[in-house]
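Here is the structure we will look at.
FYI, it's all coordinate maths here, none of it is from the lab. Model, not experiment: these values are computed from the prediction. Here Cβ is always computed from backbone atoms with ideal geometry, including for glycine, and neighbour counts include all displayed protein chains.
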Amino acid sequence: MRFGGILRDTVIASAAAAAVAVVAATVLGHLVIGLGLAAGLLIGAFNAHAVAGVLERRVPFVAGTLIRLIFFSLTAIAAALLLRTDAWSVLLGVAAAQAVMVAASIRQGLRAR
């Protein structure tokens, strides 16, 4: 399987969205929420790398999924605590990064046709 383009596109788009989230939240007077969204977007972007690693190592699907779910959930909660923001903002950022990864996958799949 080829993941390079999907991983690169996910990280670049998520980083750009994180920057936009911080700027928009600052303008709206909610910097901490913007930082939470940005942290979640960056955390979620690296989940794409974890998925690729699990698939390349042929880890059983359920085990790999549970390990990633636990790791990234704990990372998101730790980020929320460190930033002193609501956990929902970080988790919303993680979810947005997953949407970015899906969009990057669809884009690459359509190009391959």
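In nanometres, what is the gap between the two model label sites at VAL23 and LEU74, each 7 Å from Cα along Cα-to-Cβ?
Placing both labels 7 Å along Cα→Cβ, they lie 3.6 nm apart.
For the chain, I need the span (max minus min coordinate) of the C-alpha atoms along each principal axis, in Å, sorted largest to smallest.
Extents along the principal axes: 44, 31, 14 Å.
Please give me, ordered by residue number, the trypsin sites (Lys or Arg not before Pro) of segment 1-84 that lie in loop per DSSP and have at most 12 other Cβ atoms within 10 Å.
Numbers: sites: ARG2, ARG8, ARG57, ARG58, ARG68, ARG84; in loops: ARG2, ARG58, ARG84.
The qualifying sites are ARG2, ARG58, ARG84.
Provide ASP9, ASP86 in ascending order of the number of other Cβ atoms located within 10 Å of each residue's Cβ, fewest first.
Exposure proxy ranking, most exposed first: ASP86, ASP9.
Taking the Cα atoms of segment 66-113, report the difference between the largest and smallest coordinate on each principal axis, in whole Å and largest first.
That works out to 45, 22, 12 Å along the principal axes.
Magnitude of the Cβ-charge dipole of segment 16-113, K/R +1 and D/E -1, about the Cα centre, nearest 20 debye? Each step should come with its number before you reach the end.
Values: 7 positive and 2 negative charges, 78 e Å.
The calculation lands at about 380 debye.
Which order results if THR26, THR75, THR85 are arranged by neighbouring Cβ count within 10 Å, fewest first? Please list the in-between numbers first.
Working: THR26 13, THR75 18, THR85 21.
In order of increasing Cβ crowding within 10 Å: THR26, THR75, THR85.
Can you tell me how much longer the chain between PHE46 and ARG107 gets when fully stretched, taken as 0.36 nm per residue apart minus their C-alpha distance, in nm with one decimal? Please report the intermediate quantities before stating the final value.
Details: separation 61, 0.36 × 61 = 21.96 nm, distance 1.87 nm.
Value of the extension gain: 20.1 nm.
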